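Novice: Quick one: the structure is below, questions incoming.
Quick note: the coordinates plus some simple rules give every number you see, no bench work behind them. These numbers come from a predicted model, not from an experiment. Here the Cβ positions follow ideal geometry from the backbone for every residue, glycine too, while neighbour counts run over all protein chains shown.
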Amino acid sequence: MTHFSSTEHTAVASAVASAAVQLTDAERQPCEVWTRVMGYHRPVASFNVGKQGEHHERQFFNESHCCG
């Protein structure tokens, strides 16, 4: 049993249909990545080169890998 309205079902169906669309690199637009820094959110693109490097070197914590 689902809890979607008929409008949501239509939106999901159209999203599935559009999932087959393939874009070329020229048609794509960059995704802006934001991160939390010192209690507020900032776009990573506004970081200086050193901080951007540190951001790319981050290793994310995954509890299922450490405990078990």
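Novice: Output ³J(HN,Hα) for the range 40-54: one whole-Hz value per residue in order, computed from phi by the Karplus curve 6.51 cos²θ - 1.76 cosθ + 1.60 with θ = phi - 60°, and x for Gly and Pro.
Specialist: Ordered by residue, 3J(HN,Hα) equals 9, 9, 9, x, 4, 4, 7, 6, 6, 4, x, 5, 5, x, 4 Hz.
Novice: Another question, if that's okay. Calculated FRET efficiency, F60 and C31, Cβ-Cβ r, R0 22 Å, to nearest 0.05?
Specialist: 0.80
Novice: Additional query: Please list, in chain and number order, the residues 5+ apart from V37 or on another chain whose amide H is under 5 Å from its amide H, with Hs placed from the backbone.
Specialist: R42
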